[in-house]
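Remarks on the structure that follows.
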Amino acid sequence: MCGIVGILGSKPVAIDIVDALRRLEYRGYDSAGIATVENGHLERRRAEGKLRNLETRLGTEPLSGTTGIGHTRWATHGRPIERNAHPHMNDRVAVVHNGIIENFQELREELTGKGYVFETETDTETVLHLVTYYLDQGMPPVEASRIALNRLRGAFALGLIFSDDKNLLIGARQGPPLAIGHGDGEMYLGSDAIALASLTDTITYLEDGDWAVLTRAGVQVFDLSGKTVHRTAIKSVASSLLVDKGNYRHFMLKEIHEQPEVIAHTLGNYIDMAEGAVKFPALGIDLAGVNRVTISACGTAYYAGVVAKYWIEKYARIPVEIDVASEFRYREVPLAPGGLAVFVSQSGETADTLEALRYCKKNGQVIAAIVNVRTSTIARESNTVLPTLAGPEIGVASTKAFTSQLSVLACLAIAIGRARGTIDAAKEKELVKALSEVPRHVSTMLRDESFYEGLAHEISKARDVLYLGRGVSYPIAMEGALKLKEISYIHAEGYAAGELKHGPIALIDENVPVIVVAPEDELFEKTVSNMQEVAARGGQIVLISDVAKEKAGCRLLSHIKMPKAHPFTTPLLYAVPVQLLAYHTAVVMGTDVDQPRNLAKSVTVE
Ligand code: M6R
């Protein structure tokens with residue numbers, strides 16, 4: 001979950017490394033650092049906090065080397081202080097690392113016993129001393145690196161440079177992604193192609209277990225035994241994906257406002273509007289014969305999967321198993337071969353989701369991936385990729401990726417229902433028409449946000465906030481709570497409205513806002529009863545619903561009036577007010593909306 005960069009350049013590389021790191025800040029922003037080779041020795045600058053602190057440092061203490069590595073950190077082992085910031089180096093080697101070295105304790109003891117002195121709390125420092133140990137045994141850098149890499153366990157992407165060879169950069173991948181960029185007399189290494197987009201559009205993706213020797217003349221890729229492996233260079237479209245905030249104050253707000261467009265775009269990929277039918281790609285499985293679907297994902301993508309469970313079970317009448325990937329991957333779930341397994345991920349790099357996918361693959365499932373990054377590892381390891389066409393999502397809080405994921409999953413539910421005969425052509429037309437109206441509704445809802453600004457002032461005073469929903473609105477309640485807590489740091493929980501009385505109701509008093517997600521569907525009246533229970537205990541209710549506020553039957557702190565829509569599409573619509581409420585509350589609280597503390601956009605460690 002850190003970002004790494006390496007450049008073998010023809011001019012000083014520090015500025016280009018900073019530029020590449022800026023595009024990797026989504027992976028972490030606890031500290032940043034750069035090391036370059038200068039006249040046969042290594043020089044380094046590091047700074048705690050965001051990249052701009054490192055830039056300030058480089059302004060007064062520049063680096064002039066033409067070979068360098070850089071890092072933006074999301075802390076795992078060791079506090080986010082300058083001493084623990086990468087690169088880690090001595091007078092022979094400098095290393096940047098994304099991931100976790102699982103056997104670092106054991107290696108640390110061994111290397112300490114050999115006289116190497118550890119200065120940081122990081123697992124990465126073991127790599128530094130391990131490579132140095134083999135160099136000290138007289139091995140050349142490439143061989144020393146190969147032997148050291150063979151001794152590492154865990155998930156990692158690494159970049160290494162050496163003081164006595166400014167024409168050498170070593171990269172290694174076991175787990176987290178790593179891309180090689182090809183330039184004209186220059187070579188690059190980056191955690192993704194977007195990092196390298198201003199330098200090159202010719203990219204080679206390393207596969208798991210690969211390591212690469214880069215010189216200014218090109219790259220050689222090897223497996224761990226040292227055998228050469230061939231990896232094709234491809235033209236990347238990453239440069240066309242570079243984005244800015246436009247006129248918006250934050251990326252998150254811009255991305256919320258992009259939803260009408262990206263939902264329409266994504267739906268357009270899976271729906272024939274003229275025919276009123278889904279046009280789903282072949283999944284390599286006969287959907288008519290599918291009798292169980294497994295879904296796994298993390299965070300917001302998981303909540304999209306929970307919505308899909310309700311949809312698929314209701315409309316296609318087959319059971320759906322869903323779990324967060326971090327649990328699923330270790331549960332030893334029994335799976336009958338030939339089932340359909342669906343993995344949902346914006347980044348396509350989430351470590352737990354990837355491992356859950358691999359478990360399902362090993363157990364004979366047909367794998368479909370709903371991803372936003374088509375070149376991602378999850379996409380590459382799936383049988384079928386069902387892309388969300390959301391464009392790059394920069395804000396750490398996922399918004400447009402979520403509604404795009406819902407768009408694909410809604411079409412998947414219809415496709416399975418049609419194949420199994422639980423949905424006829426008329427019903428399919430009805431559902432497709434309902435979906436086609438979503439972008440217009442969302443657009444209307446985004447016309448005026450002044451209401452949310454006022455409400456956000458109220459919510460910002462709370463210490464705890466509860467979100468309630470029933471049926472398909474339950475995952476939206478959970479998503480609303482996640483959005484609020486991750487960007488405003490206010491404690492929030494999403495509950496199934498019917499569960500309230502089994503415990504959480506004890507939390508209710510006049511200081512606890514309760515956000516009720518309740519479209520007028522077949523469960524509305526039951527949710528109203530739960531609302532009464534909250535009101536009777538003095539809870540401050542914010543009702544998000546398409547009904548008139550009088551129908552609530554109790555006093556409301558606020559009423560967010562939603563457009564009337566088909567019950568099938570309400571998750572797509574009700575996601576928007578919970579995003580806006582979280583966004584405006586965070587703005588009132590003055591937090592870092594796009595890069596909230598302790599988080600990262602892409603979670604490539606477990
Ligand atoms: O890239 P992914 O969709 O796999 O990421 C999954 C979660 O890490 C992500 O949704 C996270 O929960 C977001 N910060 C939520 O806004």
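Dipole of the chain, Cα-centred, from +1 at each Lys and Arg C-beta and -1 at each Asp and Glu C-beta, to the nearest 20 debye? Can you show the working numbers first?
On the way: 63 positive and 73 negative charges, 157 e Å.
Computed charge dipole of the chain: roughly 760 debye.
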Practice item. Tell me what the chain gives for mean residue ellipticity at 222 nm when only DSSP H runs of n ≥ 4 count, each as -39,500 (n - 2.57), the sum divided by the residue total, rounded to 500 deg cm²/dmol. Key: -10000 deg cm²/dmol
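For the chain, return all DSSP H helices satisfying: extent of Cα atoms along own axis at least 27 Å; mean Kyte-Doolittle hydropathy at least -0.5. All intermediate terms of the calculation are to be shown ahead of the outcome.
Details: long enough: 400-420 (30 Å, 0.94); 570-589 (29 Å, 1.27).
Membrane-span-like by this rule: 400-420, 570-589.
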Revision key, fill the gap. For residue 123, other-chain or 5+-apart residues with amide H closer than 5 Å (H placed, Pro excluded) are 77
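Might you report the magnitude of the Cβ-based charge dipole of the range 19-125 about its Cα centre, with Lys and Arg at +1 and Asp and Glu at -1, to the nearest 20 debye? Before the final figure, lay out the partial values.
Values: 15 positive and 18 negative charges, 84 e Å.
Roughly 400 debye, rounded to the nearest 20.
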Check your understanding: In the structure shown, do any of 279/549; 361/433; 309/400; 227/361 have a Cα-Cα gap over 28 Å, and if so which?
Key -> 279/549; 361/433
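Please identify every one of the trypsin sites (Lys or Arg not before Pro) in the range 433-529 that sits in a loop by DSSP and has no more than 15 other beta carbons within 10 Å of its own beta carbon.
Listed in order of number, the matching sites are 447, 461, 463.
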**Study point:** Probe 1.4 Å - accessible area at residue 457, Å² to nearest ten
**Key:** 100 Å²
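Just in the range 282-356: which chymotrypsin sites (Phe, Trp or Tyr not before Pro) are loop by DSSP and have at most 15 other Cβ atoms within 10 Å?
Working: sites: 302, 303, 310, 311, 315, 328, 330, 343; in loops: 330.
For chymotrypsin sites (Phe, Trp or Tyr not before Pro) across the range 282-356 that sit outside H, G, I, E and B with at most 15 neighbouring Cβ atoms in 10 Å, the list reads 330.
Using a probe radius of 1.4 Å on heavy atoms only, what accessible surface per residue do you get for the chain? Whole Å² is fine.
Details: 22460 Å² over 606 residues.
So the chain comes to 37 Å² accessible per residue, rounded to a whole number.
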Practice item. Please list, or write none, the aspartates and glutamates whose alpha carbon is within less than 20 Å of the alpha carbon of residue 561, excluding same-chain residues fewer than 8 places away. Key: 437, 448, 449, 453, 458, 479, 520, 521, 522, 525, 546, 550
Practice item. Quick one: net charge around residue 262, please, counting Lys, Arg +1 and Asp, Glu -1 for every other residue with C-beta under 9 Å from its C-beta. Key: -2
Review point. Which residues' amide hydrogens lie under 5 Å from the amide hydrogen of residue 38, considering only partners 5 or more residues apart or on another chain, with H built in the peptide plane?
Key: 43
Study note, to complete from the structure: For residue 11, the aspartates and glutamates lying under 20 Å Cα to Cα, once residues fewer than eight places off in the same chain are dropped, come out as 19, 38, 43, 55, 61, 164, 165, 184, 186, 201
Check your understanding: Which loop GluC sites (Glu not before Pro) in the range 112-194, with loop taken from DSSP, have no more than 16 other Cβ atoms within 10 angstrom of their Cβ?
Key -> 119, 121
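Charges only on Cβ, +1 for Lys and Arg, -1 for Asp and Glu: so what's the dipole of the range 331-478 about the Cα centre, in debye to the nearest 20? Walk me through the numbers on the way to the answer.
Numbers: 17 positive and 15 negative charges, 96 e Å.
That gives a dipole near 460 debye.
The values are calculated or read from the model by the stated rules, or taken from the named source; none is laboratory data. In this text, all values refer to a predicted model and were calculated from it rather than measured experimentally. So basically every Cβ, Gly included, is an ideal-geometry build from the backbone, and we count neighbours across all protein chains shown. Just so you know, the surface numbers come from the protein's heavy atoms only, side chains and all, with ligands and any DNA or RNA stripped out. Shrake-Rupley method; radii C 1.70, N 1.55, O 1.52, S 1.80 Å.
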